[in-house]
1. Just to check I understand the Karplus step: with θ = phi - 60° and J = 6.51 cos²θ - 1.76 cosθ + 1.60, what whole-Hz values come out for the stretch 37-51, glycine and proline as x?
2. Could you work out the per residue convex hull volume over the alpha carbons of the chain, in cubic angstrom?
3. How about residue 84: which lysines have a C-alpha closer than 22 Å to its C-alpha, ignoring those fewer than 8 places off in the same chain?
4. Place a +1 charge on the Cβ of each Lys and Arg in the chain and a -1 charge on the Cβ of each Asp and Glu, then give the dipole magnitude about the Cα centre in debye, rounded to the nearest 20.
5. Rounded to the nearest whole Å², what accessible area per residue is found for the stretch 1-88 with the 1.4 Å probe?
6. List the residues of the stretch 1-41 whose backbone N lies under 19 Å from a point placed 7 Å from the Cα of residue 76 along the Cα-to-Cβ direction.
7. Could you check how much of the accessible area of the stretch 19-130 is carbon and sulfur, as a whole percent, using a 1.4 Å probe?
Amino acid sequence: DVNGSLRFYTDGIRIWNRVHQVMPNGTGLLGDPSSTQSAIIVPFIGDNTRYYVFTVAQLSGPNGLNYSVVNMTLDAGKGDVEIKNLPVISNVVEKITAVRHCNNRDIWVVTHGSASNIYYSFLVSPTGVNTVPVISNSGVVLPGVVPPSPLDSTSLGYLKASPDGSKIA
């Protein structure tokens, strides 16, 4: 929370509450234990009781990018997963980040396309998650392996935005 107190945490497959118990409906998320960045938590804009949990599959697996919603008013204030595994896009690698929009309110959730130079940016605003991405092409196309394989290093790694949101690596 704003004071730094633990609300909940996730590995992209399960969600635990602040007392380290799996939340109701908090299993079966579509992240993966082998994914470099299996999940990222993004607050609802304008609602400090709900959070989005975005997950990505291993390599460029078929589950792609999905999101679930945690409602902290449920289960006596310990939280519950009220919506789970809503699909956003498939054919993305196991890299995900979030960066504040320049309006200093909304948040961009960014992931990278499989075997491409495409970055997909999804806007999270007070109206929810816009599942129509802003598509940006940058860098070289890493060919990857089709179908995805554990030997495919082009799907591995991290995606990180600079604190001011002007750069991504």
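The values are calculated or read from the model by the stated rules, or taken from the named source; none is laboratory data. The model shown is predicted, which means the values in this text are computed figures rather than measured ones. With ideal geometry, Cβ positions are generated from the backbone for all residues, glycine too; neighbour counts draw on all protein chains shown. With ligands, DNA and RNA removed, areas are computed over all heavy atoms of the protein, side chains included. Shrake-Rupley method; radii C 1.70, N 1.55, O 1.52, S 1.80 Å.
1. 10, 6, 7, 9, 9, 10, x, 5, 7, x, 9, 7, 9, 10, 9
2. For the chain, the hull spanned by Cα atoms encloses 111 Å³ per residue.
3. 95
4. 200 debye
5. About 45 Å² of surface per residue is accessible.
6. 6-9, 16-26
7. 49 percent
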